[in-house]
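Okay, so here's the structure we're looking at.
Each value in this text was obtained by applying a stated rule to the coordinates, not by laboratory testing. Since the structure is predicted, the reported quantities are computational estimates derived from the model, not experimental observations. Backbone-built Cβ (ideal geometry, glycine too); neighbour counts: all protein chains shown.
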Amino acid sequence: MSPEYKTFITKLKDKTKSKMAIWNKTSREDEFILKMAEGSVTVDNWENDNDGANCTDLRIWNNKGEVIDNLTYVSGSPDYRELKDLHEIVKRSYFKIEDTLESFIKELDSKRVTGKEEPEEDDLPF
């Protein structure tokens, strides 16, 4: 991975961790997109159909919606961990995992009853 891409990925991680990057989900199962002034960046994680290897990629898109560069790494390759870490940070940010856990902890610390009773479902076909 080039030093320029390492810097770019570090800056994406930092911006995301500081809640200053707004990532959205794409139509792919585990892909996220960050729309920027001059294009977009996507980060994706998937299992290779051919050999079952875990893969992660980062794609750079221009404003015309064309992929202009792509980094793809397979688990075990030298730079895979760097890109996988970015994907994990983005995913946690998108799903607001830390905020949700913090909310759960506050609820558990309160004196209020936690949880809701679900109504029983009627299995009748009519």
Problem set entry | Spacing of the two label points (7 Å from each Cα toward its C-beta) at Ser2 and Leu108, in nm | 4.6 nm
For this session: Could you pull out every one of the lysines with an alpha carbon less than 29 Å from that of Lys6, ignoring same-chain neighbours closer than 8 positions?
Result: Lys15, Lys17, Lys19, Lys25, Lys35, Lys64, Lys84, Lys91, Lys96
For this session: Scan the chain and report its longest stretch carrying no GluC sites (Glu not before Pro) that are both in a DSSP loop and have at most 14 other Cβ atoms within 10 Å.
Result: 67-116
Exercise. Mind listing which trypsin sites (Lys or Arg not before Pro) in segment 49-126 are in a DSSP loop and have 13 or fewer other Cβ atoms within 10 Å?
Worked result: Lys64, Lys96, Lys111, Arg112, Lys116
Exercise. All other residues with a Cβ under 12 Å from the Cβ of Glu102 taken together, and with Lys, Arg as +1 and Asp, Glu as -1, what is their net charge?
Worked result: -2
Exercise. Taking the simple approach of a point 7 Å from Cα along Cα-to-Cβ for both Asp79 and Glu118, what is their distance in nm?
Worked result: 4.5 nm
Exercise. Looking at the square roots a ≥ b ≥ c of the eigenvalues of the Cα gyration tensor of the chain, which shape do they give, rounded for a/c under 1.5, prolate if a/b is larger than b/c, or oblate?
Worked result: prolate
Problem set entry | Total charge dipole magnitude, segment 1-85, about the Cα centre, Cβ charges on Lys, Arg, Asp, Glu only, Debye to nearest 20 | 560 debye
